[in-house]
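Working notes, beginning with the structure itself.
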Amino acid sequence: MARWIPDEAGEEAGLLAALGIPSVEALFSDVPKKARIGRLGLSAGLEEPEVVAHIDKILERNRPLSKFSNFLGGRISSRYVPAAVDSILQRSEFYTSYTPYQPEASQGMLRVLFEFQSLWVELSGLDAANASLYDGATASGEAMLLCRRLHEGHRFLIPASLPWEEKSVLRNYAVGPGLLVEEVPYDPRTGNLDLEFVRTAIRSHDVFGILADVPNGFGHVDEGLWDLKSLVGDVPFVVSADPLALTVLEPPGNYGADVVVGEGQGFGIAPSYGGPLLGLFACRKEHLRLTPGRIVGATLDAEGAPAYALTLQTREQHIRRSRATSNICTNQSLMAVAFVVYASLVGPRGLAALQVSIAEKARTLASALGAVEGVQAPRFEAPYLGEFTIELKQASGDTFLDRLRRRRILGGISLADPRPGVPPAPARILVAATDSTTEKDIQKYARAARAAAAGGSA
Amino acid sequence: MTYRQARWDEPSVWDLSAIPGPEPAPAVPGLPERMRRKERVLWPELSELQVLRHYTRLSQMNFGIESGPYALGSCTMKYNPRVSEVLARRKGAAELHPNQPESTVQGALEILWRLERILAKVTGLPEISLQPGAGAHGEYAALLMVRAYFLEHGELERRTEVLLPDTAHGTNPASASMAGFTTREIASKDGCVDLDALKAAVSDRTACFMLTNPNTAGLFESQILEIAETVHGAGGMLYYDGANLNAILGITHPGRMGFDVAHLNLHKTFATPHGGGGPGAGVLAAGERLGPYLPIPRIVKNGRKFRLDYDRPKSIGKIKSSYGNFGLDLRAYAFAISHGEAGLQHVARRSVLNSNYLGQRLGKSLPRPFRTLVKHEFLLSGTPLKAHGVRTLDLAKRLLDEGIHAPTIYFPSIVDEAIMIELPETESRRDLDEYAAAFERAVNDTPEHLHAAPQNLAVKRVDEVRAAREPTLSWKDLRRRTPNHEKAAPVSSPP
């Protein structure tokens with residue numbers, strides 16, 4: 001067993017003696033006998049080398065991304081993370097601290113979070129950001145709840161192209177207040193939002209908010225977002241945006257977004273099978289008091305020197321309890337540190353250049369896959385950055401991806417909803433280029449796709 | 001011990017180098033003109049050493065568990081094993097995409113499955129999901145499960161009320177409201193649930209009763225079996241807030257106490273790092289009635305193979321985009337198997353021993369509002385200090401100067417000037433004695449010193465009122481507030 005519990009000679013006996021009790025058992029006399037349990041039925045403890053060997057052995061059953069030509073994307077990125085990011089994350093002053101309730105002892109974390117908020121403000125084009133939420137999907141859920149506080153109605157519009165997981169999360173955030181999450185269809189040619197549908201829905205006066213994403217669930221950039229604000233008027237407008245894309249795309253705040261959320265994992269955080277991630281959240285200043293999450297503000301100390309503190313806490317659960325704007329307590333502060341350290345290491349020019357280079361690779365990939373029989377690539381005509389959707393004419397998505405996997409290619413994300421009973425949909429795959437994608441990977445994918453896209457089962 | 005925190009005059013990151021002047025962002029061919037960013041993101045261009053030096057200096061102005069004892073009650077600030085940090089960074093753990101085919105992530109699924117089996121034993125509740133991002137997120141999901149259950153059983157129209165003690169964590173009522181329930185607080189008696197008040201409050205409107213046990217006064221709710229009977233007798237569910245599980249590992253568990261559903265915080269009990277406020281890792285544990293409603297997917301084992309099962313027709317669906325925080329689940333697993341059966345029991349015993357010992361010592365300095373047999377944490381009241389014009393807040397700030405993190409203060413609200421102290425099993429007797437000595441010095445210090453504290457940290461007492469009055473929340477605000485700022489950090493033309 002590891003030496004995590006101090007055991008200086010006679011230490012526990014001394015503590016017991018000081019308390020004047022014969023054994024620790026006396027300290028549990030308030031637990032009724034009928035509530036006591038016997039053995040948990042766990043194994044005996046292991047020493048550190050055994051733990052490492054045991055876990056390494058299990059991890060050998062994983063095949064990490066580097067073993068493949070990898071075209072997985074979606075909201076999760078596998079971009080390279082500079083080594084220096086992790087050396088900051090491993091500063092124990094950061095990773096072993098807790099929520100900075102005592103600002104004097106926590107200026108370091110508060111200041112990094114202030115820088116993080118500042119960066120999301122720059123990227124999003126809005127006025128204020130919070131200090132993080134769990135992930136992009138839950139940030140969208142919180143944004144929806146903010147919209148409801150800002151506007152009457154009970155319908156919330158989302159793109160039908162949104163990943164099914166995010167739709168499900170949003171529906172779960174809508175359950176409590178009894179809201180209806182409604183899907184806006186997309187133009188079958190471009191994949192863009194059907195603005196006529198939005199126009200009609202808004203006229204019902206029952207829509208309290210709308211969410212659009214950029215790039216959207218198909219990987220494309222919908223130019224219609226520019227027109228949405230004029231269409232929805234005073235109905236709050238949420239944009240879920242990819243932070244790297246925002247280094248080359250117009251900040252959503254500039255085209256009328258009231259809330260900008262996003263998934264921040266791509267900035268310095270390993271994919272780690274999907275967690276921890278980083279929920280980004282920015283809004284207009286006038287709505288601040290209705291927003292969820294921790295917020296860091298600048299102030300002064302008793303001697304007039306600049307200082308930072310958590311602020312506007314009267315919105316929060318530990319003070320407002322059942323009338324709080326959200327139940328959030330723990331957030332993703334350490335991941336917010338990774339986000340801002342990553343961006344500062346790569347720099348604004350480096351980030352934009354990275355997005356440009358990935359977009360170039362994606363175009364090469366699209367033309368290579370577009371030449372494959374049985375594959376429509378890209379499926380939609382709207383412009384794209386690093387990823388796009390393909391559609392298979394014969395093979396099922398699972399068969400196609402499985403055939404590719406056998407050739408050590410992770411060919412993309414099937415957009416099919418895996419829940420039983422969901423009506424059959426076209427076989428669509430979201431395919432992403434990454435910074436590590438090579439010309440060789442692309443040719444390999446195109447070659448393998450020729451065989452994989454043929455009809456019949458695997 | 002006198003503490004001296006680093007006090008760097010460190011500028012913010014944007015003041016570390018000249019910001020490139022307005023320059024166009026690069027164009028991606030094919031993008032419509034109006035969707036293109038016109039000006040490059042405003043952020044500095046820095047060398048790697050500049051970045052490292054900056055954030056290293058900031059870290060030196062932050063207090064973590066490895067800096068000193070971190071006595072935040074209800075937060076269970078225990079040592080975060082270094083070995084877990086190493087393991088979570090293995091390629092076979094960090095370089096996995098959540099959408100990889102199941103056949104390529106068998107190891108990840110196995111870790112998650114094994115952790116779930118351990119947690120099922122620890123909680124006495126057989127059905128586990130690791131999907132929630134943190135404790136409060138688990139609360140919310142559990143309440144959605146309760147909702148779905150009553151909806152299916154035709155009782156939701158009536159069962160709209162969530163009961164909780166007045167000592168409940170703030171997240172409990174907040175989660176209940178989010179989930180569409182009304183909340184009703186039950187007044188405590190001597191720091192514990194008043195069974196008569198609970199009996200009077202439960203009805204056919206009760207959806208569930210949310211309880212932390214041991215509670216936030218550090219007391220074990222000894223009438224727990226009667227509480228369970230009362231809630232169940234009214235047809236309601238009993239919800240376990242696992243924030244304080246550390247005290248009862250291997251002693252009792254939510255299942256045996258009669259709880260129907262629970263959330264745990266792996267970042268407390270299972271030693272995953274709190275990271276300056278997060279990430280956490282939440283766990284949902286459910287008994288037979290609520291198990292079918294857990295979020296999808298569930299991890300199942302067939303022979304030697306693991307897979308994600310989406311075929312759960314009663315499931316509430318997803319509450320997070322991926323299946324929980326794998327990186328933290330791996331750390332929690334390492335913690336659990338390192339301790340094993342006897343070790344986890346020892347965790348509870350030692351944390352309770354520490355808390356009772358320290359409670360006894362500090363009880364000589366300040367009054368203890370309730371009975372003195374406590375579990376993982378204990379309460380003191382700073383009321384006597386008020387006669388000298390000293391508040392609990394002043395005492396907390398003074399403790400910082402001693403190199404120990406302040407306790408949780410002003411919570412629970414049923415105690416005047418509350419001070420809530422938890423020093424878990426990883427603190428030695430020497431640490432406890434030093435803590436006690438520091439506490440005594442602080443309590444006995446002059447009001448002038450207490451009011452002026454802290455003196456030894458990166459900043460003096462922070463004006464939190466000012467921060468809220470005129471919110472300055474970003475660099476953009478600073479630029480707006482101080483037009484001179486542009487002069488201080490010139491926006492230069494590109495080199």
Query raised in the report: Exactly one of (1) without any contact (Cβ under 8 Å) to a residue 12 or more places away in the chain; (2) outside any strand (DSSP E or B); (3) within 9 Å of chain B (Cβ to nearest Cβ) is unmet by residue A:300. Its number?
Result: (2)
Query raised in the report: What number goes with the only condition from (1) more than 7 Å from chain B (Cβ to nearest Cβ); (2) in contact with a helix residue (DSSP H, G or I) (Cβ under 6 Å, 6 or more places away or on another chain); (3) not polar (S, T, N, Q) that residue A:321 does not pass?
Result: (1)
Report task. Kindly list the number of the only condition in (1) free of Cβ contacts under 8 Å to residues at least 40 places away in the same chain; (2) touching a strand residue (DSSP E or B) at 6+ places or on another chain (Cβ under 6 Å); (3) more than 7 Å from chain A (Cβ to nearest Cβ) that fails for residue B:22. Result -> (1)
Report task. Among the numbered conditions (1) part of a loop (DSSP other than H, G, I, E, B); (2) crowded, with 23+ Cβ neighbours inside 10 Å, tell me where residue B:344 comes up short. Result -> (1)
Report task. Would you confirm whether any residue within the stretch A:197-205 is more than 8 Å from every other protein chain (Cβ to nearest Cβ), at pLDDT 95 or above and within 30 Å of residue B:277 (Cβ to Cβ)? Result -> no
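Out of A:189, A:171, A:155, A:149, I need the residue that is farther than 24 Å from residue B:317 by Cβ, assigned by TED's automatic domain parsing to the domain that holds residue A:288 and among the basic types (Lys, Arg). Which one?
The conditions single out A:189.
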Report task. Look at the stretch B:125-138 and say how many of its residues are under 22 Å from residue B:299 (Cβ atoms) and either assigned to a helix (DSSP H, G or I) or among the small types (Gly, Ala, Ser) (or both). Result -> 6
Query - Flag if residue B:76 is polar (S, T, N, Q), assigned to a loop (DSSP other than H, G, I, E, B) and either facing chain A (nearest Cβ under 7 Å) or buried (at least 22 other Cβ atoms within 10 Å of the Cβ) (or both) - result: yes
Report task. Considering each residue of the stretch A:148-202, count those that are more than 28 Å from residue A:412 (Cβ to Cβ), charged (D, E, K, R) and assigned to a loop (DSSP other than H, G, I, E, B), and give that number. Result -> 1
**Report entry** Residue pairs meeting the criteria (Cβ under 6 Å; at least 6 apart or on separate chains; first surrounded by 21 or more Cβ atoms within 10 Å (Cβ to Cβ), in the stretch A:55-75; second among the acidic types (Asp, Glu))
**Finding:** A:64/B:95; A:65/B:95; A:69/A:441; A:73/A:387; A:75/A:263
**Report entry** Within the stretch A:161-183, tally of residues that are free of Cβ contacts under 8 Å to residues at least 24 places away in the same chain and not charged (D, E, K, R)
**Finding:** 3
Query raised in the report: So residue A:89 clears everything in (1) assigned by TED's automatic domain parsing to the domain that holds residue A:300; (2) touching a His at 6+ places or on another chain (Cβ under 8 Å) except one condition, right? Which one?
Result: (2)
Query raised in the report: So is residue B:114 charged (D, E, K, R) and facing chain A (nearest Cβ under 7 Å) or not?
Result: no
Query raised in the report: Do the conditions hold for residue B:85, that is, is it within 23 Å of the chain's Cα centre (by Cα) and either more than 7 Å from every other protein chain (Cβ to nearest Cβ) or not in a loop (DSSP other than H, G, I, E, B) (or both)?
Result: yes
Report summary line: Sole miss for residue A:334 among (1) assigned by TED's automatic domain parsing to the domain that holds residue A:97; (2) surrounded by fewer than 23 Cβ atoms within 10 Å (Cβ to Cβ) is condition (2)
Requested in this report: Starting from residues that are facing another protein chain (nearest Cβ under 9 Å) and on the phi > 0 side of the Ramachandran plot, keep the ones in the stretch B:299-335 and report whichever is surrounded by the most Cβ atoms within 10 Å (Cβ to Cβ).
Outcome: B:324
**Report entry** Within the stretch B:280-298, considering residues that are touching a Leu at 6+ places or on another chain (Cβ under 6 Å) and within 12 Å of chain A (Cβ to nearest Cβ), the one surrounded by the most Cβ atoms within 10 Å (Cβ to Cβ)
**Finding:** B:281
**Report entry** Residue check, residue A:278 touching a residue at least 12 places away in the same chain (Cβ under 8 Å), buried (at least 24 other Cβ atoms within 10 Å of the Cβ) and within 29 Å of residue B:109 (Cβ to Cβ)
**Finding:** yes
Requested in this report: Confirm whether residue B:132 is within 8 Å of another protein chain (Cβ to nearest Cβ) and buried (at least 22 other Cβ atoms within 10 Å of the Cβ).
Outcome: no
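Name the single residue, out of those in the stretch B:95-111 being part of a helix (DSSP H, G or I) and more than 8 Å from residue A:64 (Cα to Cα), that is nearest to the chain's Cα centre (by Cα).
B:111
Residue by residue, here is whether (1) touching a strand residue (DSSP E or B) at 6+ places or on another chain (Cβ under 8 Å); (2) among the small types (Gly, Ala, Ser) holds:
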{"residue": "B:355", "(1), (2)": "yes, yes"}
{"residue": "B:383", "(1), (2)": "no, no"}
{"residue": "B:432", "(1), (2)": "no, no"}
{"residue": "B:436", "(1), (2)": "no, yes"}
{"residue": "B:440", "(1), (2)": "no, no"}
**Report entry** Subset of the stretch A:138-160 (residues that are free of Cβ contacts under 8 Å to residues at least 60 places away in the same chain, farther than 21 Å from residue A:250 by Cα and either crowded, with 24+ Cβ neighbours inside 10 Å or under 14 Å from the mean Cα position of the chain (by Cα) (or both))
**Finding:** A:141, A:156, A:157
Query raised in the report: Looking at residue A:410, is it out of contact with any helix residue (DSSP H, G or I) (no Cβ under 9 Å at 6 or more places or on another chain), within 14 Å of chain B (Cβ to nearest Cβ) and buried (at least 16 other Cβ atoms within 10 Å of the Cβ)?
Result: no
Requested in this report: For the stretch B:439-458, name all the residues that are within 26 Å of the chain's Cα centre (by Cα) and either within 14 Å of residue A:296 (Cβ to Cβ) or assigned to a helix (DSSP H, G or I) (or both).
Outcome: B:439
Report summary line: Taking the stretch A:303-318 and the residues there that are within 7 Å of chain B (Cβ to nearest Cβ), in contact with a helix residue (DSSP H, G or I) (Cβ under 9 Å, 6 or more places away or on another chain) and under 19 Å from residue B:471 (Cα atoms), the one that is surrounded by the most Cβ atoms within 10 Å (Cβ to Cβ) would be A:309
Report summary line: Of A:269, A:328, the only residue that is assigned to a loop (DSSP other than H, G, I, E, B), more than 7 Å from chain B (Cβ to nearest Cβ) and either in contact with a Phe, Trp or Tyr (Cβ under 9 Å, 6 or more places away or on another chain) or free of Cβ contacts under 8 Å to residues at least 40 places away in the same chain (or both) is A:269
Report summary line: Within the stretch A:117-129, of all residues that are in a helix (DSSP H, G or I) and not charged (D, E, K, R), the one surrounded by the most Cβ atoms within 10 Å (Cβ to Cβ) is A:123
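The values are calculated or read from the model by the stated rules, or taken from the named source; none is laboratory data. Since the model is a prediction, treat every value here as computed from it, not as a measurement. Ideal geometry is used to build each Cβ from the backbone, glycine not excepted, and the neighbour counts take in all protein chains shown.
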